[in-house]
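These notes are about the structure you will find just below.
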Amino acid sequence: MSDDDDYVYDEVTGEWMPAADLAARNQIQVVDSQGTPLADGDQVVLIKDLKVKGAGQTLKQGTVIKTIRLTTNPDEVDCRHPEIKGLVLRTEFIRKR
């Protein structure tokens, strides 16, 4: 062990561990409705018709959403649709394409 290794105390396990290991273990995993992991830039498909509040529109089942971005909330993804700006979708209504 070298002097420049960063160790942090994990309160859950009560052990000292390398900071990189703890950060990797605490990383949030975002999954779609079928349990498939999602990442920034993925394409997703809607599995249900969704009424969009404030836009007065309904996104139909099967609509492809390109280039999603993950948020700090593992239940939501930020995305862009040509007709709707600032769209945030719940992961329970999408599946990875």
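The values are calculated or read from the model by the stated rules, or taken from the named source; none is laboratory data. All of these numbers come straight from a predicted model, not from anything done at the bench. Cβ placement follows ideal geometry from the backbone for every residue including glycine, while neighbour counts extend to all protein chains displayed.
Of note:
- Residue that is surrounded by the fewest Cβ atoms within 10 Å (Cβ to Cβ), among those in segment 83-97 that are basic (Lys, Arg) and in contact (Cβ under 8 Å) with a residue 60 or more places away in the chain: Arg95
- Residue in segment 17-25 that is modelled with pLDDT of 90 or more and either of a type outside the set (Gly, Ala, Ser) or touching a helix residue (DSSP H, G or I) at 6+ places or on another chain (Cβ under 7 Å) (or both) present: no
- Pair list, Cβ under 7 Å, 6 or more apart: segment 10-33 residue at negative phi, other residue assigned to a helix (DSSP H, G or I) and modelled with pLDDT of 80 or more: Val30/Thr91; Val31/Thr91; Asp32/Thr91; Ser33/Thr91; Ser33/Glu92; Ser33/Phe93
- Any pair with Cβ under 6 angstrom, 6 or more apart, that starts in segment 64-82 at a residue that is over 15 Å from Val52 (Cα atoms) and assigned to a loop (DSSP other than H, G, I, E, B) and ends at one that is at pLDDT 90 or above and hydroxyl-bearing (Ser, Thr, Tyr): Asp75/Thr91
- Selection count where residues are over 12 Å from Gln43 (Cα atoms), in a strand (DSSP E or B) and hydrophobic (A, V, I, L, M, F, W, C), scope segment 83-97: 4
- Residues of segment 35-57 classified as modelled with pLDDT of 90 or more, at negative phi and surrounded by fewer than 11 Cβ atoms within 10 Å (Cβ to Cβ), total: 3
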